[in-house]
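Accompanying notes for the structure given below.
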Amino acid sequence: MKSPTVVRAAGIVAATALTVALAACSSGDTDASVDPDEVSGDITLLTPIFEGSPGQELLEGELLPQFYEEYPNVTVSVDYTTYGNLNEKLTTAVVSGLVPDVMMMGVGWIEGFADKGILADLGEGGLTEESLKEKYTDEIVEAGMWDGNVYAVPIMLDTRFGVARMDILEEAGYDAPPTSWDELIEIAEATTVRESNGKLTRAGFDMMSLDARQAYFTMLFSAGGEIFNEDNTVPEFNGPEGVAALQLMTDLVNEYEVEDIGFASTDDIVNPLISGRAAMGIAHNNLWTQTLEADPEMIDNLEPFVIEGAAPGMFFGGTLATVSNNSQHPEAAQALLEFLSSPDAALAANEQRGNVPALLDLLESDYVQSNRFVQFAMENLDVAQREGGPAAWLEVRGDVAPAVQEALLEQKTPQEALDDLAALMQTAIER
């Protein structure tokens, strides 16, 4: 039996309590100088989570009543949307001047809205970088920062990492996922299945069922690369590490032939790792809940792993809460933000969606311990990296997937595709 060692990042120890000026009702950090009865106002919340009847019942039937017990003179009107419509909603709100008091945004969105002066500096209400880093990993806190100030607090995370079908690997003589790029190639080739006419029936390593941008960044981080330089003024993904990552993806398709273009897609109802059409792949943490719904007997065969190249590669996005800089009731707005990001409320929101709590002290919760992919993600948050950086990120992130596809289709070399993409981004940054 060939036995690559399973990569396990060290578990994260639960952090100490976060002290803030306005305390959420379930956080246990009430500041004696703030009287909740004196915090008042009618405020609005724009959210792409808590969607559907179950989400609305959780937010309005369970969570907000708890908030009102602590802040009886605050009322909250909720505007539900989707991530597909969120940017348009926010843009319309900014143009009209009717910006919601509390807004939930994605990782990579904070920079642009903070740079335009739309978001409030939460440090003025007591949420500092130092206090937040007692509760979250540094990278997650920095996802809510711009120009040295805190503008957002994380609610939940979406992570992408490697997943292996261990029953398939074991049939091929492997008893653990790969621990290097060389092993990934080796195992992927060994587990790829084609018919006599060359038709692919099982991919050795699936990248097509995930957004190409997220797949590439996961491999970029695995190569030890960065998206931008330290001050987010110059793209760096077209350097040697980024080119090596895209070259590996291109080679997996065109040289090693472990997956074909179009074999899987983000629109597939059943992920190929569940159906057995893939032996390994890059997957979202919600693959766990998808498997429980589609084929619960398959769950024990799925093994998560950090993709190891020159560095451990794991990608995270997520949802963060922000406050409008022009809110007429900033204390009430920040109180709601802190409530929604507090342990009990954040845990409930994550459990409803099957996502990864950002708060490190939720690692030992029953929900996390019962979901092996969420548990794995939290245990490895210290190596997870995010997208975003410059204020222009939202303008250019949609250009990443087409550039990756150009390389996979061999329309351009990886270097050419990334150089052209870097030039587009540099222009946007300097605009």
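What does the extension gain come out to for ASN325 and ASP147, with contour length at 0.36 nm per residue minus their alpha carbon separation? Walk me through the intermediate numbers first.
Details: separation 178, 0.36 × 178 = 64.08 nm, distance 1.56 nm.
Full extension of this stretch gives 62.5 nm more.
Here's how it looks for TYR151: its modeled amide H is under 5 Å from those of LEU122, MET145, TRP146, which are all 5 or more places away or on a different chain.
Once divided by 2.2 N^0.38 Å, the Cα radius of gyration of the chain becomes 1.00. For the stretch 293-420, the solvent-accessible area of protein heavy atoms averages 35 Å² per residue (probe radius 1.4 Å; ligands and nucleic acids excluded).
In a simple Cβ point-charge model (Lys, Arg +1; Asp, Glu -1; nothing else charged), the stretch 336-410 has a dipole of about 100 debye relative to its Cα centre. Heavy-atom surface analysis with a 1.4 Å probe gives the stretch 225-362 a carbon and sulfur content of 43 percent of its accessible area.
Here the sum of -39500 (n - 2.57) over DSSP H runs of 4 or more residues, divided by the residues of the chain, equals -10500 deg cm²/dmol at 222 nm, to the nearest 500. Built from the Cα atoms of the stretch 40-130, the convex hull projects on average onto 7.1 nm², one quarter of its surface area. Its Cα centre serving as origin, the chain has a Cβ charge dipole (Lys and Arg +1, Asp and Glu -1) of approximately 740 debye. For the residues VAL102, VAL78, a 1.4 Å probe over the protein chains yields an accessible-area ranking, largest first, of VAL78, VAL102.
Take THR82: with every protein chain present and a 1.4 Å probe, its accessible area is about 70 Å². Ranking of GLU410, GLU124 by solvent-accessible surface, largest first: GLU124, GLU410 (1.4 Å probe, protein heavy atoms only, all chains present).
Accessible area ranking (1.4 Å probe, heavy atoms, ligands and nucleic acids excluded), largest first, for GLU88, GLU416: GLU88, GLU416. Taking a ≥ b ≥ c as the square roots of the eigenvalues of the Cα gyration tensor, an a/c ratio of 1.5 or more together with a/b larger than b/c marks the stretch 217-282 as prolate. Over the stretch 55-192, accessible surface divided per residue gives 39 Å², non-protein components excluded, 1.4 Å probe. Between the Cα long axis of helix 240-254 and the first principal axis of the chain there is an angle of about 50°, rounded to the nearest 10. Full extension of the segment from SER265 to VAL78, taken as 0.36 nm per residue of separation minus the current Cα-Cα distance, would add 64.0 nm. Between the listed residues THR81, MET156, LEU122, the Cα displaced farthest toward the positive end of the dipole of the stretch 70-175, a dipole computed from Cβ unit charges relative to the Cα centre, is found at THR81.
In plain terms, the C-alpha convex hull of the stretch 162-241 casts an average shadow of 6.8 nm² when viewed from every direction. Between THR201 and ASP175, the C-beta separation translates, for a Förster distance of 25 Å, into a calculated FRET efficiency of about 0.60.
The values are calculated or read from the model by the stated rules, or taken from the named source; none is laboratory data. Since the model is a prediction, treat every value here as computed from it, not as a measurement. Please note: Cβ atoms are built from the backbone with ideal geometry, for glycine as well, and neighbour counts cover all protein chains shown. These area figures cover heavy atoms from the full protein model, side chains too; ligands, DNA and RNA do not enter into them. Shrake-Rupley method; radii C 1.70, N 1.55, O 1.52, S 1.80 Å.
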